[in-house]
Amino acid sequence: MFEHVPAWLGSALRNVRAGHAGLMIADPEIAAPDARLDLWSPAFGAGGRLPDRFTADGAGVSPPLIWDAPPAGTQMLALVVEDPDAPAPNPLIHAILWGIEPAQHSLAEGALADGDVGSAAIGRNSYLASGWLPPDPPTGHGEHDYVFQLYALGGAPNLDAHPGRGVVLDALRATPVLAVGVLVGTYSRDVAPSADLAGAPVVGG
């Protein structure tokens, strides 16, 4: 979708962003736990650029993820991936995975498309489809953060087969969060300076 936004419009909207304060993990009604989960990917480093194959410019598959064991009392885990830099009122949802078994410690590359997620439910992204929404930032809009959030929950609310953002947010607000892990990947479609303008003489200087 956003790959069709003209570069001039992407540049004009560069400062129009949903904002990190809108991330689920920043919601004041979600209890902030002291415990942290280590969450990482063998495909990119924390704060590093996502390889093209995980984006709309490549194969568009979901990246592999690994995490450590959750704390005692965890009944399930939930994964949410949001883009707070989208030019939209709220962060875009790129993935939801609800009801991950506590004994599961990883997701394989492409699992959110293949459905290889065990007994977990694959939620709806911001395009109302279940599965991974590949990063697709507007050209010229600058770098976008893709915030992978993994929640260890002390309860196991039974949600619909393909829960959306609002339902998941309400469930996180109502369920004890025992630990949380965060991993940020970035992606952008930059615009090179115009060749016609780069060497143009300065007039009236």
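Converting phi to 3J(HN,Hα) with the Karplus coefficients 6.51, -1.76 and 1.60 and the offset θ = phi - 60°, the range 30-36 yields 9, 4, 7, x, 7, 6, 10 Hz in sequence order, with x at every glycine or proline.
Full extension of the segment from Glu29 to Leu169, taken as 0.36 nm per residue of separation minus the current Cα-Cα distance, would add 49.5 nm.
Within the shell defined by Cβ-Cβ distances under 13 Å, the residues around Asn90 carry a net charge of -2, with Lys and Arg each +1 and Asp and Glu each -1. What net charge do the residues around Val81 carry, taking every other residue with its C-beta under 14 Å from that of Val81, with Lys and Arg at +1 and Asp and Glu at -1? Net of charged neighbours comes to -3.
Near Val180, once Lys and Arg are set to +1 and Asp and Glu to -1 for all other residues with Cβ below 13 Å from its Cβ, the sum equals -3.
Every number in this text was worked out from the coordinates using simple rules, so none of it is lab data. Predicted, not measured: the structure shown is a model, and the values here were computed from it. Note: ideal-geometry Cβ built from the backbone for every residue, glycine included; neighbour counts use all protein chains shown.
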